[in-house]
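Beneath this line is the structure, given in structure tokens, with notes to follow.
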Amino acid sequence: MSWQKYILTFLITVAIFGTAFYVANRLDSVRVADISATEQQVSLDILSNETQYDLLSELSCSQINNNSGLSDQLNTLATQLSVAEQNLGDTNAQVVSLKEQYSLLEIKDFILLQKIASRCNVHPVYILYFYSNSGDCPDCAAAGMVLTYLRETYPSLRIYSFDYHLETPALQTLIALYGIHPTLPAYLIDNKPPVYGLKTADDFQKIAPEISKLSTSSPSTNF
């Protein structure tokens, strides 16, 4: 009878682990699907804003609707990607593909932001943040937390996050154009020279005093 108990125990254990593995895979699949759906929506919103810019190029800047919702969606997507990285691993093919697409969406939004700023003679406040998950940036996790705090404190502050080692041509061109060195974490703040190393919220406000002048409530305009 004892060997039957061992077999029964083994089967129950296999069933438990099998169920847990299946549920975990299902949850990961759902997360990736959610990220893809959000990414598609963000892409549509960027296209909508680009089209809107073309349509309103001859009109008053006050008639250009705000796209803070687009910024919120990019932030939501960044959070979802972070969860996917933790669960699937940063070398997972799906995660890498989604990160590449996300980086392109961010670059497009950044270019659109620059176009509107030039057209409307305004000065948006933004931070381009370059990080790495390859083990060569021990301060990147802490840096991400600081930037999350700033984003939550100043909703109109644009923060774009890029994995420095992604081999996306557009991202590598951006890195080359602004002369970002692989001393990570690295930041580009409002067209100032690149800044490197872990920074506190106070450090960012000293580098760019414009940050502390931003509203701490939801933005009513693009800038």
Given a Förster radius of 30 Å and the C-beta distance between residue 115 and residue 152 as r, what FRET efficiency does 1/(1 + (r/R0)^6) yield to the nearest 0.05? 0.65
With the crude spin-label approximation of a point 7 Å out along Cα→Cβ, what separation in nm comes out for residue 136 versus residue 36? 3.1
If R₀ is 22 angstrom, what is the calculated FRET efficiency for the pair residue 201 and residue 123, using the beta carbon separation as r and rounding to 0.05? 0.60
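Under the classification rounded if a/c is under 1.5, otherwise prolate if a/b is larger than b/c and oblate if not, where does segment 145-223 fall, given a ≥ b ≥ c as square roots of the Cα gyration tensor eigenvalues?
prolate
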Of the listed pairs 108/192; 99/213; 115/192, those with alpha carbons more than 26 Å apart are 99/213
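No lab work stands behind these numbers, since they all come straight from the coordinates. In this text the structure is predicted, and so the values were computed from the model without any measurement. All Cβ positions, glycine included, derive from the backbone under ideal geometry; neighbour counts span all protein chains shown.
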